[in-house]
Every structure is written in structure tokens, then in C-alpha cells.
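Down below is the structure, laid out as C-alpha cells.
The values are calculated or read from the model by the stated rules, or taken from the named source; none is laboratory data. Quick caveat, the model's predicted, so the values are computed rather than measured. When we count neighbours, we look across all protein chains shown, and the Cβ atoms used for this are built from the backbone with ideal geometry, even at glycine.
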């Protein structure tokens, strides 16, 4: 058969080319999104707006009539260069609540969508998965919920960044993400995902950032994770509880820069394969149960800057191979079982700034060259067995801020250089064997806040520095040394001083009158010295003083009546001196004075019988030969004295006929009933008249009106009464339950709003799983109503101290303690500015259906404007039995006041007792009772355990009690921060432990 002519073949090939080209163009056109007009795109955004709620006018520009300016003036909208299509939508951090409408998926040209940092809730629309051009999706810091596991993620074929951090998603991790070809950044942290990390997560091809931290994940970390060699940052810690230890396959992630496996319950040894991660600059393994030796291979991590292995069970010595970590800035190995010497090379690391090795078994001396690199800022080597001298170079770079070496065996003098270290703010060198004088200028450093030198053998005197006026020193502890000479007048320059402890020294001379200038003083202890002269009357100007001990000195003269000006003084001890004259009767007017000791002096006359003197023990007046009027030495007076005029008056007054008294009482009762009835009727009329003037402000997506809430305000629905209002349980028309808190209205000119302003400002902004959720607010000119999510199991106090207390087994109690601590930690450390609760108690910790804890009742919450500074309140806020000592007496609060109250809650959980009233002795509270019955020993916790508890792990109970005792320390500076409380409570959970019962 003859071949076709060449021109026929050419014609065929040309038509074939045209056909294929038209087919390609047709296919390409079919994948393009429909060409929507600006008006249509505007109407889509208006549809999205319908499910969003904002108290501001931030979305006011979203109006179809304004569609022509869609690309120029609509808030958060970004268009392409031609101004025809919406390609970006960013309404992040705009205080918007509600839900995200599925209509957003109609904007097919979107490449970027961010709704981060709002209060959006509900499920994330699955239709979002059809946005094939979307590259960046950020929904972090909201309240989206539901499961992602059934999502079809293949539609997000162009997605590069998916950020869902800090939401309420649950269920297993979505496996489909592993099939997204261009994904670089995946953050699913801070949710409720559970189960194991799927092995499919080892299939990512381009992933650089992966965070699964802060979920409820368990099981083993899959070995397949080592296949994702593109990873640069990996976060798997915090609240997850993994088994099986650190997989050695992580050593294959050769591009890894940041690895965080902290606080996730891992045990076993640290795999030596981690030494292959040559690009790593951050390695966090703290707060696990890792054991064994530190791998020598970690010395290969030549780029490492931050290494934290603290709070584990690591043993052995620090390997010398770590000397190769020349870029190291931070080294944390505290709370382990490490031993041996602290290697010399640690002092030679050129960039080291923070060194914390406390609570180990290190011996020998501190490397003499420590601090020689000139960059050291923080050093904590406390609670080891270190000997030798404090290095002279410790502050060579003049950058040292914290020096903590307490509880060791250090000896020799303090380096003279410390007196010329202007950045020092926190120094704790107590419980050592240090000798010699205090370096000149050391006490007067400008940034010093805390200085502890107690329980050493320091000698010499304190220099007088009248020209220096340090304004930050809050606590000075020089007790139990061998210091001598007079106390210099310049001590009056410590304007911020709160605690002055000088007991157990050899000070002489007069107590300087300049102490009266210290208006912030809370405690003075000058006992067991050789002070002479008189008690300066200026000490009465220390109006915040709660504790004054001048006992066992050589003081003489009269007790100045001006001391009675200290209206909050709680403890006064002036025993074992040479004081004379009469005891001032003005002392009796000091209502706060509960403990006083005037014994072993030369007082004369009669003990006053007024006020507080009637409560003091007779032992308070012993060994005063010329003093009478107390139990062991009564005064003798003539029995023939005539009655006083007041007795005569009382006798005449008693002759008033009883029937007139009865008639007067009945009349008063009748008037009271008429007044009460009038108030009730007027209130009901006011509610009816104003029912149409109610305004609702939503903080979440809601399906109710103010009328629905008003119908809940019935007396039979009351579930609680607090200092700021009444709480009702309400059932909405759709069957949902809510809690309604009714607050009194704010009248014109009122200076007190019953905590409403603080509560609404606080709860309207915060988002945390362990803080009660505010749904909405209803208000009019007379009344304010706050609508909360309903907590089915009520308050912890009601359950714990009621018939259901036995249901709260030890595991539930420990979990409640940890969850409540997390809520408070969020307020203190993650809110800006920090937030104080100011009324932490078991009745303000609510329990949902699963007995999960939620911190509630912010009627007393208040912002701290200046971090770290105390704020003086106008009145005492808090509840009896929970109030920190410094708060009750001085009205000064900071976050440590909340810590004290939380410590009381921990003691409640351990003992099952109320804070006050259950101890058979008037004035005894749970803190004092617990200290007495345990002898301050955590092993004594078995003596105070709730008898309703059975099978309690002894180690856990001891740890929780230890945390509780730290929280209720008398001095606020000695209490831990809430972040530290959370870590210690999480550490308390033992996988296996000795059982106490």
C-alpha cells in the first residue's frame, strides 16, 4: 500500500495540534475560578459578616452598597494588583466572636485567610477545604472545636501554612495533612487532640515547622517522624504524655534547628543519635523522667545555644565533650542526680549567660574562672555540696543579675568585686560557711531587690553610706552571723525595704531613728543582739509593720506610746531587755495585735486592762518584779471603793420598764417589714418597666435574648451568692443551661461598681480551657447580668466539703489542682498586662460534667500595670481563711497573694477540711493546723490526709503538700510563681508509687 502524500500528513498533524491545544486551554479554563464581580464578592463577605459579632464598628465598611471600594477601604480585605479579585482576608485580633460562615469558601481566589486572635467558636467549615488557591490559613487563638479527622484535605492542594494553635479541636490528629504536597508550616498545638501521633506523619515532603504541643496525645512518638528530613522546628511537649522515650530516629532530622520535647512524661535515656543534629540551636528536654548519663555525642551540637535538661533523673557527670558547645548561651541541668565536679570548661564557654545546676550532687569547688567571659547574667548552683571560694571573676562583665549559691559548703570571704556589680538584683548566699566582712557598697547596689546572707560566719560592721539611696531592696537577711558595730543611719535610705532580718548577730549601739522613714516595712527582727539605748519613737511611723521583734538586747527606757500608731502590728516581742516604766495603755487599742511579749524587763505598775490586753497570756508579763495585774501576780486594791458613776448609770438604766422595751422592738420590726415589702414591690415594677430597655452584648455565638435570661431570675433558681452578686441557674428555650450572675446597678457618682467593670474587662478578653467562659452580658441602667457557661458539678468547695466529697478520689483532686493552677498561671503569665484574681478559693473553682476545673468569679480581678510591683488597694478583697498575711494587714497585693490563696486550696484538697472553723480552737486556720500536725515535714502529710481518701500514692501526696507549703510561705518573696506551681504539680503525678492508705 502506497504511503499518503506528504501534504496530507502535514495537514493531519496540524489539525491534531490544534485539537490538543484547544483541549488544554479548555481544561485550564475549567480549573480557573468563576469570574465573580466585585458586587458578588462584596455580598459574599456581607454573608460572612452575618455570623460574626463585634462590639465595635470594625466591620462597618462591609456593606454591599459600598462594593465599589471593596479593594480600597473594606477592613481586612486585600485584592490582586488589578483590583478585581479578593485574594486576602485578615481580621486577626479584632475582638470578634461568633462563627466562621461556610460562605467564605465562595471566594475561590483567596490565597490568604487569617481570623487569628478572636473569639470564634463552632466547627471550622469543611467547605474551606475546597479553596484550592489558599496558601496561608491562620485560625489560631480562637475556640473552634470538633474533629478534623474526617476532613478531605486534598482540596487544599496549595496550602503552605496551616495554623490552628490554641483552639478546642479534639479527636485524633488529621492524617490527611501528610498528603498535602506543599505544606511547610503545621501548628496543631494547644488543642485537645488525643491518641497517638499517626505513623503517616512521617510522609511530609516539604514540612519545616510542626507543633503538636499542648494536646492530650499519648503512645509512642513514631519512628517514622525521622523521615521528615525537611523539618527545622519540632514541638511535641507540654501536656502530652508519651511513652517509650525519645526515639533515636529523631537523629535523622539533620536540618532541625529547634527541638522541644519538654513536659511530656518521657522516660528512658537520651539517645546518642541526637548528636547528629549539627544545626540544632535549641534543645528542650526538661520536666520529663529521663534517666541515665548525658550522651557524650551532644558535644557535636556545635550550633547549640539553649540546652535545658532540668527536672529529670539524669545521673553521672557532665561529659567533657560538652566543652565543644562554644555557642551555648543557656545551660539548665537543675533537679537531677548529677554528681562530680562542675567542669572547668563551663567557665570557659565564651557566650554563656545563664547557668542553673541547682539541686544536684555536685562537689568540689566552683570553677575559679566562672564569669570570666564577661557575659554571665544568672547563676544558680544552690543545694549541692560545693566547697571552696566564690569566684572573684563572677561579676567581671558587670552584667550579673542573679547569684544564688545557698545551701552549700562554701567558705572564705565574699569577693570584693561584688560591691561594684551594679546589675545585681537577687543574691542568695545563705546556709554556707562564708567569713570576713560584707564588701563595701554591696548592700547599696542600685538594682538589688533581695539579699540573703543568713547563717554564715560573716564579721565586721555595716558601712554607713549616706549618699547612696537604693530604691529597690525589698528584703535584707543578715541573721545568724557575727556582724558587729552600730546599725548605720543610712539603713533609712532603703525606701522599698519590706523585711529586715538582723537577729543572731553582735550589733551594738542605738537603733537608728531613721528606721521610721521606711514606710514599706512589714517585718523587723533585731533579736539576739546587743542594741542599747531606747526604742526610737519614730518606729511608730512604720505604719505597715506587722512583725516587730527587739527581744534579747540591752534596750532601756520607756516603751514609746507612738508604737500604737502601727495599726496593723500583729506580733510584738520586746522581752529580755531592760525596759522600765509602765506598759503604755495605748497598746491595748491595737486591734490587730494578737501576740505580745513584755516579759523579763523592769516594767512597773499595773498591766492595762483595756482592749487587746485582755487576750494576752500571762506569760507575756513574767519576770517583771514591779508589775502586777495579770494571772500570776494580781494587784491588791481596797474592797471598800464605791461604785463608779457608770455602774450607777447602769443600775438606773436597768429600772426602765421592760414593757416599753418590748413595744419599741415590735414597732421597729413592723417598720422593717413595711420597708422590705416596699423594696420588693418597687424592684418588680422596675423590672417590668425596663424589660424592653435591656441591651445584650455577646462574647460568643449565642441563640438567646435578654428576655430568656430575665426569666431565669427566680428565687428557686438561686445556686450561689457572692460578694458581688447572686448566681442563678437558667434553662434556655433550646434546653441549654447557663449560669446568670446578677450584679447591682452602678448609680451616678458611685465609686464602687461591685466588681462588674473588672469582671467584664477580664472575662471578655481571656481564652483558656481552665477559665470559665463568659457568653454574654445583659444590662440596662439599673442592672447588669453576666451569662456564663453552666458548670454541672458546681464549685469545688461545695463538692469537697459536702456529701459528694468522697467521690473526689486522689486522682481527681490532683487533676483539679493542676488544672486550676494552669488557669491562674495563664492570668499571671500569659495575659498582658497580668491579671490578678484576688479571690482565689475552692468556691471559685467550678467543675464541669467531667470534673474539669475552671477558675471563676473575677468580680475582684484587677490588672497589674507595672510588672513585679505591688499595688495598694482601697479595701481588703478576698475571703476569710484565704487572705495572704501581707494582704490582710497592709492591703498590698501582687500575684503572690493569689499564690497564697491557691496554697490554701491545695491544703483543702489534701485534708478535706475547710480553711477555718474545723480545728477545735478559735483563731486556728488550716495553714497553722497543717504546719503543727506535720511538724513542717512533708512526710507528715499522712497525719492530715482526708480520711475519705483511700489508696493515696504517698509520693504524690508529699509533693502536693510540699507545693502547698511553698505557696503559703509567710513572706511573699519566698512563694513560687504560678508557672512554677504548675510544673511542680505536674511533676507530682507518679506512674507508680508507694501507697499511703
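Per-residue answers, yes or no, for (1) under 23 Å from residue 826 (Cβ atoms); (2) not in a helix (DSSP H, G or I):
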position	(1), (2)
778	no, yes
781	no, yes
787	yes, yes
793	yes, yes
813	yes, no
key: Leading residue by the ranking (farthest from residue 773 (Cα to Cα)) among those in the range 700-748 that are at pLDDT below 75 and not in a loop (DSSP other than H, G, I, E, B)   = 744
key: Residue selected from the range 501-523 under the condition without any contact (Cβ under 8 Å) to a residue 60 or more places away in the chain, in contact with a helix residue (DSSP H, G or I) (Cβ under 7 Å, 6 or more places away or on another chain) and in a loop (DSSP other than H, G, I, E, B), by the criterion nearest to residue 488 (Cα to Cα)   = 512
query = Given (1) at pLDDT 95 or above; (2) assigned by TED's automatic domain parsing to the domain that holds residue 391, where does residue 348 come up short, assuming only one miss?
reply = (1)
query = Picking from 839, 850, which residue would you name as being farther than 14 Å from residue 899 by Cα and either free of Cβ contacts under 8 Å to residues at least 12 places away in the same chain or more than 12 Å from the chain's Cα centre (by Cα) (or both)?
reply = 850
message = Take residue 214 and tell me if it is touching a residue at least 24 places away in the same chain (Cβ under 8 Å), surrounded by 19 or more Cβ atoms within 10 Å (Cβ to Cβ) and in contact with a strand residue (DSSP E or B) (Cβ under 9 Å, 6 or more places away or on another chain).
response = yes
key: Among (1) surrounded by fewer than 19 Cβ atoms within 10 Å (Cβ to Cβ); (2) modelled with pLDDT under 95, the one test that residue 569 misses   = (1)
key: Tally of residues being part of a loop (DSSP other than H, G, I, E, B) and either in contact (Cβ under 8 Å) with a residue 60 or more places away in the chain or surrounded by 23 or more Cβ atoms within 10 Å (Cβ to Cβ) (or both) across the range 174-206   = 7
task = Determine, yes or no, whether residue 441 is over 18 Å from residue 380 (Cα atoms), surrounded by fewer than 21 Cβ atoms within 10 Å (Cβ to Cβ) and touching a strand residue (DSSP E or B) at 6+ places or on another chain (Cβ under 9 Å).
result = no
ask   = In the range 149-161, which residue that is out of contact with any helix residue (DSSP H, G or I) (no Cβ under 8 Å at 6 or more places or on another chain) and modelled with pLDDT under 90 is surrounded by the most Cβ atoms within 10 Å (Cβ to Cβ)?
value = 158
query = Which residues, taken from the range 136-154, are in a loop (DSSP other than H, G, I, E, B) and more than 14 Å from residue 166 (Cα to Cα)?
reply = 148, 149, 150, 151, 152
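The rows are residues; the columns are (1) assigned to a helix (DSSP H, G or I); (2) modelled with pLDDT of 90 or more; (3) under 23 Å from residue 914 (Cβ atoms).
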{"site": "941", "(1), (2), (3)": "yes, yes, yes"}
{"site": "948", "(1), (2), (3)": "no, no, yes"}
{"site": "951", "(1), (2), (3)": "no, no, no"}
{"site": "955", "(1), (2), (3)": "yes, no, no"}
{"site": "969", "(1), (2), (3)": "no, no, yes"}
{"site": "980", "(1), (2), (3)": "yes, no, no"}
{"site": "987", "(1), (2), (3)": "yes, no, no"}
{"site": "993", "(1), (2), (3)": "no, no, no"}
{"site": "997", "(1), (2), (3)": "no, no, yes"}
task = State all residues of the range 547-566 that are in contact with a strand residue (DSSP E or B) (Cβ under 7 Å, 6 or more places away or on another chain), assigned to a loop (DSSP other than H, G, I, E, B) and surrounded by fewer than 19 Cβ atoms within 10 Å (Cβ to Cβ); if no residue qualifies, say none.
result = 558
message = Which condition from (1) modelled with pLDDT of 75 or more; (2) surrounded by fewer than 17 Cβ atoms within 10 Å (Cβ to Cβ) is the one that residue 679 breaks?
response = (1)
ask   = Taking the range 481-500, which residues are in a loop (DSSP other than H, G, I, E, B) and surrounded by fewer than 20 Cβ atoms within 10 Å (Cβ to Cβ)?
value = 482, 488, 495, 496
task = Go through (1) in contact with a helix residue (DSSP H, G or I) (Cβ under 7 Å, 6 or more places away or on another chain); (2) within 30 Å of residue 696 (Cα to Cα) and name the single condition residue 131 misses.
result = (2)
